[in-house]
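What follows is one structure encoded as structure tokens, with my remarks underneath.
Readers should treat all values here as calculations from the given coordinates under stated rules, not as data from a laboratory. In this text, all values refer to a predicted model and were calculated from it rather than measured experimentally. Cβ atoms come from the backbone with ideal geometry, glycine included; neighbour counts cover every protein chain shown.
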Amino acid sequence: MNKLLEVKDLTMDFGGLRAVDSVSLEICGGEIVALIGPNGAGKTTFFNCVTGIYTPTRGDVLLHSQGKKPRRINGMKPNRITTIGMARTFQNIRLFPAMTVLENVMIGRHCRTNTSILGAVLRGSKARRQERETIEKSYRLLEKVGLAELTNEFARNLPYGAQRRLEIARAMATDPFVLLLDEPAAGMNPQETQELDELIVKIRNEDKIAILLIEHDMKLVMNISDRIYVMEYGKKIAQGTPQEIRENPKVIEAYLGEETDA
């Protein structure tokens, strides 16, 4: 399979603290890959380095756009990385609460429109066409995540699980070929988690988007992941299929615990 995201020996230091220590990882087309580990293992720091929020101390982050040479994205601004084709969600939901559900998704389309300020003010034919396309695309994404009936509701009024799905729709509005999800099931009840499980697989299958997720819900991880990477204390300690990870003694000791082995 073709590589889409390639991370080589990524290291992140904060003063004398090494939060991520020479971690390598890759994602290929059509894959759902999980990154797991105990709290404080360095997973979110790793995500932040990959998506441009932090500039790593050392290592390479490469995006492989189809038909183009790999691009080293270390140090690029997050909005530039999004334009190239990688989007993410956050552990703490970052919606615009006073905007409608539809408007939140439309914001994600901003990086795919090129109307000038003058064109937007004068509302020329190009501006009107792009606005119409943005609305149509955003509504289709709301249909995909099961929120079409809430189009005109304010984001702040949505149930927690629906807010999570809205954030995923907004990330997808940027037309990514790689999607990073930071603890998407956090705070969800079992029914919401099951719906999320089905949505992630649907996105991979229908939209051909490769997905990397951080998640603590081991049932979800084992159900949908093609491969799993495991971190502890900033280091990668294992990688493999769900079955291989389930049986790995280092992983059981570090994270999964005896109840998963039962």
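Return the long-range amide H neighbours of SER24 (sequence gap of 5 or more, or a different chain), with a cut-off of under 5 Å between placed amide H atoms.
ASP9, LEU10
Given only helices, namely DSSP H runs of n ≥ 4 each adding -39500 (n - 2.57), what is the per-residue ellipticity at 222 nm of the chain, to the nearest 500 deg cm²/dmol?
It lands at -10500 deg cm²/dmol.
Compute the relative contact order of the chain as a whole-number percentage, counting only Cα pairs closer than 8 Å that sit 6 or more residues apart in sequence.
26 percent
Using a basic spin-label model with each label point 7 Å from the Cα along Cα→Cβ, how many nm lie between ASN39 and ARG94?
The answer from the label model is 2.2 nm.
Given H placed 1.01 Å from N in the peptide plane, which residues other than close sequence neighbours of LEU181 have an amide H under 5 Å from its amide H?
The answer is THR89, LEU212, LEU213, ILE214.
Beyond 30 Å between alpha-carbons counts as too far, so tell me which of LYS69/LYS250; LYS43/LYS69; LYS144/LYS236; LYS126/LYS202; LYS8/LYS144; LYS3/LYS137 fall in that bin.
Too far apart for the 30 Å limit: LYS69/LYS250; LYS144/LYS236; LYS126/LYS202; LYS8/LYS144.
Quick one: what are the phi-derived ³J(HN,Hα) couplings along the range 84-101, Karplus 6.51/-1.76/1.60 with θ = phi - 60°, whole Hz, x for glycine and proline?
Computed from phi, the couplings for the range 84-101 are 5, x, 10, 10, 8, 10, 10, 4, 9, 4, 10, 8, 9, x, 8, 9, 6, 4 Hz.
When the Karplus curve 6.51 cos²θ - 1.76 cosθ + 1.60 is applied with θ = phi - 60°, which whole-Hz ³J(HN,Hα) does each residue of the range 60-70 get, with x for Gly and Pro?
My calculation for the range 60-70 gives 10, 10, 10, 10, 9, 6, 4, x, 10, 5, x Hz in order.
Can you give the extra length, in nm with one decimal, that the chain gains between LYS8 and GLU206 once fully stretched, where that is 0.36 nm per residue apart less the Cα-Cα distance?
Full extension of this stretch gives 68.4 nm more.
What's the FRET efficiency of ASN79 with GLU133 using the Cβ-Cβ distance as r and R₀ = 25 Å, to the nearest 0.05?
Using R0 = 25 Å, I get an efficiency of 0.75.
Please compute the modelled spin-label separation between GLU253 and THR57, points set 7 Å along Cα→Cβ, answer in nm with one decimal.
Placing both labels 7 Å along Cα→Cβ, they lie 2.5 nm apart.
Ratio of the chain's C-alpha Rg to 2.2 N^0.38 Å, to two decimals?
Against the compact-globule rule of thumb, the ratio is 1.04.
Modelling each spin label as a point 7 Å along the Cα-to-Cβ direction, I'd like the LYS126/GLU244 distance in nm, to one decimal.
5.0 nm
Starting at the first residue of the range 30-35, write each ³J(HN,Hα) from the Karplus equation 6.51 cos²θ - 1.76 cosθ + 1.60 with θ = phi - 60°, in whole Hz, x for Gly and Pro.
In residue order, the calculated couplings are x, 9, 10, 10, 10, 10 Hz.
If the chain between ASN152 and GLN191 were fully stretched, how many nm would it gain, using 0.36 nm times the residue separation less the Cα-Cα distance?
Taking 0.36 nm per residue and subtracting the Cα distance, the gain is 11.6 nm.
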